[in-house]
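Here is the structure we will look at, set down as structure tokens.
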Amino acid sequence: MRRADATGHPVADLLVTNVGQLVTPVGACGDGALRGRDHGTLAITEQAALAVRDGRVAWLGPADAWHGEA
């Protein structure tokens, strides 16, 4: 995320909360495309949140780990 508040915490345009389970491909937040068997490996995050900035997913993870503003 590019923008931060006065305390340095990230600022999102949209924050989706109360997500019971968020399922993503393992490595989806890393650099580069997933290849081969990596497509079939999933990560499940319980009680998740998802932050959007400038129309793109900027952060996702456990809701209690989000310390930014929306």
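The values are calculated or read from the model by the stated rules, or taken from the named source; none is laboratory data. Predicted, not measured: the structure shown is a model, and the values here were computed from it. No Cβ is skipped: glycine too gets one built from the backbone with ideal geometry, and neighbour counts run over all protein chains shown. Side chains are part of the model used for accessible areas, which takes the heavy atoms of the whole protein and leaves out ligands, DNA and RNA. Shrake-Rupley method; radii C 1.70, N 1.55, O 1.52, S 1.80 Å.
Quick check on the range 51-58. Is at least one of its residues on the phi < 0 side of the Ramachandran plot, open to solvent by 60 Å² or more (accessible area, probe 1.4 Å), at pLDDT below 90 and not in a loop (DSSP other than H, G, I, E, B)?
As a first pass, look at the range 51-58 and keep what is on the phi < 0 side of the Ramachandran plot: 51-53, 56-58.
If we keep only those that are open to solvent by 60 Å² or more (accessible area, probe 1.4 Å) as well, we get 56-57.
Applying the additional criterion that residues be at pLDDT below 90 yields 56-57.
Subset that is not in a loop (DSSP other than H, G, I, E, B): 56-57.
The answer is yes, given that some residue of the range 51-58 is on the phi < 0 side of the Ramachandran plot, open to solvent by 60 Å² or more (accessible area, probe 1.4 Å), at pLDDT below 90 and not in a loop (DSSP other than H, G, I, E, B).
Within the range 14-34, residues that are surrounded by 13 or more Cβ atoms within 10 Å (Cβ to Cβ) sit with their Cβ atoms under 9 Å from residues that are at pLDDT below 70 and among the small types (Gly, Ala, Ser), at 6+ positions apart or across chains, in these pairs: Leu34/Gly27; Leu34/Ala28.
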